[in-house]
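For reference, the structure discussed in these notes is given below.
The values are calculated or read from the model by the stated rules, or taken from the named source; none is laboratory data. What you see is a predicted model, and the numbers here were worked out from it, not measured in a lab. No Cβ is skipped: glycine too gets one built from the backbone with ideal geometry, and neighbour counts run over all protein chains shown.
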Amino acid sequence: MMTSGTMQEWPLNVWRLIDHAAQNHGEREIVSLTCEGHEVRTDWRQVQGRAKQVAEALRKLGVKAGDRVGTLAWNTHRHIESWYGISGMGAVAHTINPRLFEEQIAYIANHAEDRVLFFDLTFVKLVEALAPKLKTIEHYVLLTDRAHMPADSSLKLICYEEMIGGEDADAAWTAMPETAPSGLCYTSGTTGNPKGVQYSHRANVLHSYGACMGDVLDIRSRAVVLPVVPMYHANAWGVPYAAAATGAKLVMCGPHFDAPTIASVIRKEEVTLTLAVPTIWLGMLQHLEATGADLKPLERVVIGGSAAPRSMIEAFEEKYGVDVCHAWGMTEMTPLGTIGSLSADALKLPREKQIDLKCKQGRGIFGVELKLVDDEGRELPRDGVAFGRLLVRGPWIVASYFKGDGGEILDKDGWFDTGDVATIDPGGYMQITDRSKDVIKSGGEWISSIEIENIAIGCPGVAEAAVIGVRHPKWDERPLLVVIRKEGSVVTAAEILEYLQGRIAKWWMPDAVEFVDSIPHTATGKIQKVALREQFAGYQLA
Ligand code: ADP
């Protein structure tokens, strides 16, 4: 007969994170730069109290458990309060990416059937323009105080500070099972409509335990964490939950993503850990180089969302004494999957070899299983050479998309296909070679566009690089390297190709180099390969 353990039922609800922070780290600071143009200093206890006020206010607006409440907002204390308040009263916090096209935002809000929309001052015009298309939103809450409310608006706006002002900061959370939904985030949908991933309380809490681990983000109460990555990009990689779990100080730059602001906030608030996509760090390194500034006392930068080029890792570590850690994951994975921290064996390797490992996306986090398969679904060896489709499984990985979009997405053994192509070496380090849609198929073999890009960007004079496959009569496809020159640089195609000689396999060598003024990016900072392929459709190789 099966018996069970004799331990307590303690549902893993996300509000337990903020309660823990308030009780044990109540005065630990939360610092935000706001849309109103000032800095707000608050703490975990106040954020908890105000989140409870949000919960009460939503109850009075008639929001019920399971309803979706949208947010169009930057990382600030008010966004975090709303986030915890929404899921703490049983509703679902739906973070919407404001960088999407208006049509996509309308589609997402309608698909999610958001009943209330919380938004920042930055987005008043956007929301006014969108409102006629938003079919389900009953209340518009502007995340500001009375003094900053617009004098007139085509919408009936609720002022956030007034809405929560009179509510009970000690109100009880709503009891709900740990499997209940707490958040919703849509993938950016490079092909077809965006699809929603509805996180459960349980997934978020387990992910927080995982994120805090020493080998993962290593978030402790003494840490000062600046998630540059926005909350609408896969929960700011789980940081606002993980920081509450440990009582870390949280620093947020609101609408500011420019290097001078981020650098000065890092120095002023003594940030020890910061996280963002590579494009943010490209700008930061250029800023540091131009001004001679540094980032002291920053200890660690976590880079994910796209692959970090070797030159970026080297610059942070060698010029600025900051440890770089690669992370890989996706919206469907809450989002963390692997982390690039060095193993005991790797720490004994020569520096060059350590950087080789840091260029990989890292080892699986406990809670995430990884597997490589070929096109027939046969498992591939973990030899660092064989590459194939990367599958994942675990308690914070999606089982189906919101409302069942896309149908059955797991195979019979419960594996989810990430759409990435990767290798895994005997030490467990996984390396993404491409999105499966972006690999270049040349003469029956695969060429990794990511690897060529990341080496090309190390060539002096190159500011940004993208590689796409273009038609070739004999080889099917050959790589075309698209480059943005650094300001003032006159670097030539021949010089770039010469730089690549010996750094990549001969048959990977791009057949041509084209210079452009800009490269299109998605709303989460990835190179938009689809748009780039369209731009160079019909390209004739010499
Ligand atoms: P989006 O909505 O922009 O698709 P995601 O963050 O969910 O947002 O994107 C996930 C994808 O981003 C992954 O499947 C992978 O292709 C890419 N990615 C994430 N992190 C990395 C990384 N460290 N290196 C390379 N690619 C990455």
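Descriptive notes on the structure:
- Residue within the stretch 36-58 that is touching a Pro at 6+ places or on another chain (Cβ under 9 Å) and either more than 26 Å from residue 157 (Cβ to Cβ) or not small (Gly, Ala, Ser) (or both) present: no
- The stretch 253-311 - residue that is under 20 Å from residue 455 (Cβ atoms) and hydrophobic (A, V, I, L, M, F, W, C) and, of those, farthest from the ligand (Cβ to nearest atom): 285
- On inspection, residue 217 qualifies as in contact (Cβ under 8 Å) with a residue 40 or more places away in the chain and under 17 Å from the mean Cα position of the chain (by Cα).
- Some residue of the stretch 10-20 being among the aromatic types (Phe, Trp, Tyr) and surrounded by fewer than 21 Cβ atoms within 10 Å (Cβ to Cβ): yes
- Test: residue in the stretch 289-298 that is assigned to a loop (DSSP other than H, G, I, E, B) and in contact with an Asp or Glu (Cβ under 6 Å, 6 or more places away or on another chain): yes
- Qualifying residues in the stretch 110-139 (those that are closer than 25 Å to residue 51 by Cα and of a type in the set (Asp, Glu)) - the one farthest from the ligand (Cβ to nearest atom): 138
- Test set (1) under 29 Å from the mean Cα position of the chain (by Cα); (2) surrounded by 18 or more Cβ atoms within 10 Å (Cβ to Cβ) - residue 463 fails condition number: (2)
- Pairs are defined by a Cβ separation below 7 Å, a sequence spacing of at least 6 or placement on different chains, a first member in the stretch 507-526 that is in the same structural domain as residue 464 (by TED's automatic domain parsing) and within 25 Å of residue 304 (Cα to Cα), and a second member that is assigned to a loop (DSSP other than H, G, I, E, B) and away from the ligand (no atom under 16 Å from the Cβ); no pair meets this definition.
- The number of residues in the stretch 348-372 being within 16 Å of the ligand (Cβ to nearest atom), of a type outside the set (Asp, Glu) and outside any loop (DSSP other than H, G, I, E, B) comes to 9.
- Failed condition for residue 32, given (1) closer than 27 Å to residue 268 by Cα; (2) in contact with a strand residue (DSSP E or B) (Cβ under 8 Å, 6 or more places away or on another chain); (3) assigned to a helix (DSSP H, G or I): (3)
- Residue in the stretch 400-421 that is modelled with pLDDT under 90, touching a Gly at 6+ places or on another chain (Cβ under 6 Å), crowded, with 16+ Cβ neighbours inside 10 Å and closer than 30 Å to residue 200 by Cα present: no
- Restricting the stretch 335-347 to residues that are more than 10 Å from the ligand (Cβ to nearest atom) and in contact (Cβ under 8 Å) with a residue 60 or more places away in the chain, the residue that is surrounded by the fewest Cβ atoms within 10 Å (Cβ to Cβ): 345
- Selection status of residue 417, under 22 Å from the mean Cα position of the chain (by Cα) and part of a strand (DSSP E or B): yes
- Check on residue 63, under 21 Å from residue 180 (Cα atoms) and either outside any strand (DSSP E or B) or in contact with an Asp or Glu (Cβ under 9 Å, 6 or more places away or on another chain) (or both): yes
- When the stretch 522-532 is filtered for residues that are more than 10 Å from the ligand (Cβ to nearest atom), touching a Lys or Arg at 6+ places or on another chain (Cβ under 9 Å) and farther than 24 Å from residue 492 by Cα, only 530 remains.
- Subset of the stretch 230-270 [crowded, with 24+ Cβ neighbours inside 10 Å, assigned to a loop (DSSP other than H, G, I, E, B) and touching a Pro at 6+ places or on another chain (Cβ under 8 Å)]: 231, 232, 234
- Residue 389 vs. criteria more than 23 Å from residue 467 (Cβ to Cβ), out of contact with any helix residue (DSSP H, G or I) (no Cβ under 8 Å at 6 or more places or on another chain), in contact (Cβ under 8 Å) with a residue 40 or more places away in the chain and not in a loop (DSSP other than H, G, I, E, B): no
- Qualifying positions in the stretch 86-109 - away from the ligand (no atom under 16 Å from the Cβ) and free of Cβ contacts under 8 Å to residues at least 12 places away in the same chain: 103
- Within the stretch 426-464, the set of residues being more than 15 Å from the ligand (Cβ to nearest atom), at pLDDT 90 or above and among the acidic types (Asp, Glu) comprises 464 only.
- Output for the stretch 489-521, where each listed residue is away from the ligand (no atom under 16 Å from the Cβ), closer than 16 Å to residue 449 by Cα and of a type in the set (A, V, I, L, M, F, W, C): 496, 497, 500, 504, 505, 507, 508, 509, 512, 513
- When the stretch 143-174 is filtered for residues that are out of contact with any Pro (no Cβ under 8 Å at 6 or more places or on another chain) and among the aliphatic types (A, V, I, L, M), the ones remaining, listed by number, are 143, 147, 149, 151, 155, 158, 163, 164, 169, 171, 172.
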